[in-house]
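Novice: Please find one structure pasted underneath; my questions will follow.
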Amino acid sequence: MKNGFDNDKYLKIQSEHIKERIAHFGDKLYLEFGGKLFDDYHASRVLPGFQPDSKLQLLMQLADVAEIIIVISAVDIEKNKVRGDLGITYDKDVLRLRDEFQSRGLMVGSVVITHYKGQESAKAFRSKLKRMNIKTYYHYTIEGYPSNVSLIDSDEGFGKNDYVETTRPLVVVTAPGPGSGKMATCLSQLYHENKRGIKAGYAKFETFPIWNLPLKHPVNLAYEAATADLNDVNMIDPFHLEAYGETTVNYNRDIEIFPVLNELFEGIYGPGKNPYKSPTDMGVNMAGYCIYDDEACSEASYQEIIRRYYTSLNRFVDGNATEEEVNKIELLMQQAKISTDLRKVTVAAKERAAKSKVPSAAIELGDGTIITSETSDLLGTSAALLLHATKHLAGLDHKLKLIPAEMIEPIQNMKVNYLKGNNPRLHTDEILVALAMLSLNDENCRKAVEQLPNLKGCQVHTTVMLSEVDRKIFKKLGIDLTCEPISKKQKSLIG
């Protein structure tokens, strides 16, 4: 993929801009950190050149002035809410995040449990954190939040919350996921700091939408596709337009809540003293200034929209997405004037399936080479594709059989006759284990195994939905996978 984003420039000007915002308020800045701090692969896909850990690198540049508050909702603790990308509950992710931050020399000051109403699970989690010598605070549910400003800005509202003790000028507020109460935690702290005569401010750090790109720029459309399940909508910021005559982009939730935030800020700072005239003013994101090849970022964003479309289609077939979600991304594709044919591997896999009449797959390698495969009696199409791709990268003859049939057949016998499986064909994990074992004594297998890291960033499309095992293997290899929305039941009808 051609790069179009200057990551070094981003780290430099972003950290400088945050320091300027701290200085603007005087003593302290509460910075609400949105999105993923680790492994931000959406950003790296739509802004090629953006490093997945850029936000973490940014914080490390500010390590001497920053401390971190991790926020978790008592409601999420009680529900055992799980992070879909990691498969762990939010309470466990709090501890994971803390360990990750501290291992990189970042200070984690405390944990705030929000939306607290006496939940026993929240009490138990706080006790656990206390045993680990982690400072933990309660922030309570405020009736009528966020519209009941008079109650919120009072001793019975924010005043009832625990005051979180902080020691550094930059306080980064983050969470395991959305809806945790990051903004409310920041605003509550502003209320308490103001009572103590400390000059504190608030800012928001969200990478998307990028405020100084056009509303329908592909990068911003890709953000809408990524959040189609949340029903986020990019909008022109009317407050910014009115205040400055400048067109900027924000998303609907921030725009809708701004009138309430304006009242909250005035309640904290005094009438007419809100430092922000618009939601855009609250942001500190400098990503838009670091795009040096707009065409490369636009093309990358088109591809992301198509991938998101296939993901939603698959989720819909599995019963995990609504028709509205799928329709929204279809509309975004129409606005971008693209179709799934723009994804080369989609076209190649479909063409192979049309000829073979069996499930097929295609991969696009780093140099643009397209390789295809199909299901056989021994191998699933994904397993076959990995073998074909690694052979090509290793410079091996395509006709070479890396794994002999006499080795595959006993594995199939184990799967069907001993483990009572229905599918005798080898999955991707099974073929990779076999390849690794053979690599001890077979030079060709060793060469093929050594090519696996070169599959990172490659594109794959299959004409059927894959098993969870195959999907996880592609993810671990760093391959961007899409599948036609044909389920396992439908798959059996086509071989």
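Novice: With the requirement that a residue be in contact with a Lys or Arg (Cβ under 8 Å, 6 or more places away or on another chain) and in a helix (DSSP H, G or I), what does the range 172-228 give you?
Specialist: MET183, GLU193, ALA222, GLU224, ALA225, ALA226, ALA228
Novice: Filter the range 234-251 for residues that are open to solvent by 60 Å² or more (accessible area, probe 1.4 Å) and among the polar types (S, T, N, Q) and give the result.
Specialist: Scanning the range 234-251 gives a single hit, THR247.
Novice: Here is a further query. Given the conditions (1) more than 23 Å from SER467 (Cα to Cα); (2) assigned to a loop (DSSP other than H, G, I, E, B); (3) open to solvent by 30 Å² or more (accessible area, probe 1.4 Å), and given that VAL358 satisfies all but one, which numbered condition is not satisfied?
Specialist: Here VAL358 clears every test but (1).
Novice: Could you tell me whether the range 414-430 includes any residue that is modelled with pLDDT under 95, open to solvent by less than 30 Å² (accessible area, probe 1.4 Å), more than 22 Å from LEU481 (Cβ to Cβ) and part of a helix (DSSP H, G or I)?
Specialist: For the range 414-430, residues modelled with pLDDT under 95, open to solvent by less than 30 Å² (accessible area, probe 1.4 Å), more than 22 Å from LEU481 (Cβ to Cβ) and part of a helix (DSSP H, G or I): present.
Novice: Surrounded by fewer than 19 Cβ atoms within 10 Å (Cβ to Cβ), at pLDDT 95 or above and not in a helix (DSSP H, G or I) - does that describe any residue in the range 285-292?
Specialist: Among the residues of the range 285-292, at least one is surrounded by fewer than 19 Cβ atoms within 10 Å (Cβ to Cβ), at pLDDT 95 or above and not in a helix (DSSP H, G or I), which makes the answer yes.
Novice: Here's a follow-up. Out of curiosity, is ASP254 in contact with a helix residue (DSSP H, G or I) (Cβ under 8 Å, 6 or more places away or on another chain), open to solvent by 60 Å² or more (accessible area, probe 1.4 Å), assigned to a helix (DSSP H, G or I) and touching a residue at least 12 places away in the same chain (Cβ under 8 Å)? Full working, then the answer.
Specialist: Values: in contact with a helix residue (DSSP H, G or I) (Cβ under 8 Å, 6 or more places away or on another chain): yes; open to solvent by 60 Å² or more (accessible area, probe 1.4 Å): no; assigned to a helix (DSSP H, G or I): yes; touching a residue at least 12 places away in the same chain (Cβ under 8 Å): yes.
It is false that ASP254 is in contact with a helix residue (DSSP H, G or I) (Cβ under 8 Å, 6 or more places away or on another chain), open to solvent by 60 Å² or more (accessible area, probe 1.4 Å), assigned to a helix (DSSP H, G or I) and touching a residue at least 12 places away in the same chain (Cβ under 8 Å).
Novice: Filter the range 468-495 for residues that are modelled with pLDDT under 90 and of a type in the set (Gly, Ala, Ser); which is most open to solvent (accessible area, probe 1.4 Å)?
Specialist: So, considering only residues that are modelled with pLDDT under 90 and of a type in the set (Gly, Ala, Ser), the one most open to solvent (accessible area, probe 1.4 Å) is SER492.
Novice: Considering only residues that are over 25 Å from THR89 (Cβ atoms) and aliphatic (A, V, I, L, M), look in the range 160-173 and name the one that is surrounded by the fewest Cβ atoms within 10 Å (Cβ to Cβ).
Specialist: Selected residue: LEU170.
Novice: Filter the range 125-159 down to residues that are surrounded by 12 or more Cβ atoms within 10 Å (Cβ to Cβ), within 23 Å of GLY109 (Cα to Cα) and of a type in the set (S, T, N, Q), then give me how many there are.
Specialist: Result for the range 125-159: 2.
Novice: Moving on. Could you check the range 129-174 and list, in sequence order, the residues that are out of contact with any Phe, Trp or Tyr (no Cβ under 8 Å at 6 or more places or on another chain), of a type in the set (A, V, I, L, M, F, W, C) and more than 25 Å from LEU37 (Cα to Cα)?
Specialist: Within the range 129-174, VAL149, LEU151 meet the criteria.
Novice: In addition: Output the qualifying pairs, or none if there are none: Cβ atoms under 8 angstrom, residues six or more apart or on different chains, first residue in the range 192-208 and touching a residue at least 40 places away in the same chain (Cβ under 8 Å) and open to solvent by 10 Å² or more (accessible area, probe 1.4 Å), second residue among the acidic types (Asp, Glu) and part of a strand (DSSP E or B).
Specialist: Sorted first by the residue in the range 192-208, then by its partner, the pairs are LYS204/GLU32.
Novice: On the basis of being among the aliphatic types (A, V, I, L, M) and in a strand (DSSP E or B), does LEU29 make the cut?
Specialist: The answer is yes for LEU29.
The values are calculated or read from the model by the stated rules, or taken from the named source; none is laboratory data. Given the structure is predicted, the values throughout are model-derived calculations rather than measurements. No Cβ is skipped: glycine too gets one built from the backbone with ideal geometry, and neighbour counts run over all protein chains shown. Heads up: the accessible areas ignore ligands, DNA and RNA and are worked out on the full protein's heavy atoms, side chains in. Shrake-Rupley method; radii C 1.70, N 1.55, O 1.52, S 1.80 Å.
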